[in-house]
1. I need the full set of residues from the stretch 72-122 which are charged (D, E, K, R), more than 26 Å from Lys50 (Cβ to Cβ) and not in a helix (DSSP H, G or I), in order please.
2. With Thr139, Thr88, Thr63 as the choices, which residue is at pLDDT below 95 and either within 12 Å of the chain's Cα centre (by Cα) or of a type in the set (Ser, Thr, Tyr) (or both)?
3. Starting from residues that are buried (at least 20 other Cβ atoms within 10 Å of the Cβ) and either in contact with a Cys (Cβ under 6 Å, 6 or more places away or on another chain) or of a type in the set (Gly, Ala, Ser) (or both), keep the ones in the stretch 131-149 and report whichever is nearest to Ala67 (Cα to Cα).
4. Could you go through the stretch 151-170 and let me know if any residue there is farther than 22 Å from Gly89 by Cβ and modelled with pLDDT under 95.
5. So which helices (runs of 4 or more DSSP H) stay within the stretch 157-204 end to end and still have 2 or more residues that are in contact (Cβ under 8 Å) with a residue 24 or more places away in the chain and under 22 Å from Ile119 (Cβ atoms)?
6. Restricted to the stretch 85-130, and to residues that are in contact (Cβ under 8 Å) with a residue 40 or more places away in the chain and of a type in the set (Val, Ile, Thr), which residue is surrounded by the most Cβ atoms within 10 Å (Cβ to Cβ)?
7. Show the residue pairs meeting these rules: Cβ distance below 8 Å; 6+ apart or different chains; first residue within the stretch 7-25 and free of Cβ contacts under 8 Å to residues at least 40 places away in the same chain; second residue of a type in the set (Val, Ile, Thr) and crowded, with 22+ Cβ neighbours inside 10 Å.
8. Residue under question is Ile196, and the condition is that it be out of contact with any Cys (no Cβ under 7 Å at 6 or more places or on another chain), of a type outside the set (D, E, K, R) and at pLDDT 90 or above; does it hold?
Amino acid sequence: MKKIQIAKSGIYAVIDRTACGKKSLVELARGCIKAGVKIIQLRDKTEDVKGFYRNALLIREITKGKALFIINDRADIAKLVNADGLHTGQDDLPVKAARAILGPQRIIGKSCHSVKEAIQAEREGVDYISIGPIFKTPTKPGYRPAGLKVLKETCQRLKIPIVAIGGINMDNIKLVRNAGAGLIAVVRAICKAKDIGQAIDKLSCVHPPLFSTKTKQGGLIRPANGGAH
């Protein structure tokens, strides 16, 4: 199996139970796929293990061959459902331990809240980091916004792909792109959308523009020799 790669630009959809309320996470994932999203993360800190596993299995099936599927926190479930990768937090399983479970081919990402944490994560060998929250967001009530300055410095200092996350919407996505972020994580902008396809199209049409998620050039799943880094 070749090393799975993640590109440096595009929409990174986080399907989060807290943000999505009673909506079906599986149907939201299906809507993201239909809209052309190429990275989907499942994040659910409220569901029991059995329910999380069930949703992960279903989303794995609909993302297979169409989008990267990333599991938040649970390395065991990521391995069981054959997900493309795992996203960890600062207090979660160490990168080395996660790599031992998932193997060298799969993607491992890490949440960071400062330039210092981002640099350390890169040294630990993660494939990408997320930095945020960039703006105030109800999905991260205990965190002070990192802000655009931290995002810009992180983009300048790291070589691995960087995902900007936290409070990003149509009103501020241009500022995030101008700070250097290529991968844009959206949570509430998708989970709360009445029309996911329309929401994705609007978010993708910023300046400087994100690539079209509906073209072959926009694909995020690339072989190891595809030069995604």
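1. Selection gives Lys110 alone.
2. When all the criteria are applied, what remains is Thr139.
3. Ile131
4. For the stretch 151-170, residues farther than 22 Å from Gly89 by Cβ and modelled with pLDDT under 95: present.
5. none
6. Within the stretch 85-130, the match that is surrounded by the most Cβ atoms within 10 Å (Cβ to Cβ) is Ile107.
7. Leu25/Ile15; Leu25/Ile59
8. Spelling it out, it is not the case that Ile196 is out of contact with any Cys (no Cβ under 7 Å at 6 or more places or on another chain), of a type outside the set (D, E, K, R) and at pLDDT 90 or above.
The values are calculated or read from the model by the stated rules, or taken from the named source; none is laboratory data. The structure displayed is predicted, hence computed values, not measured ones. Here Cβ is always computed from backbone atoms with ideal geometry, including for glycine, and neighbour counts include all displayed protein chains.
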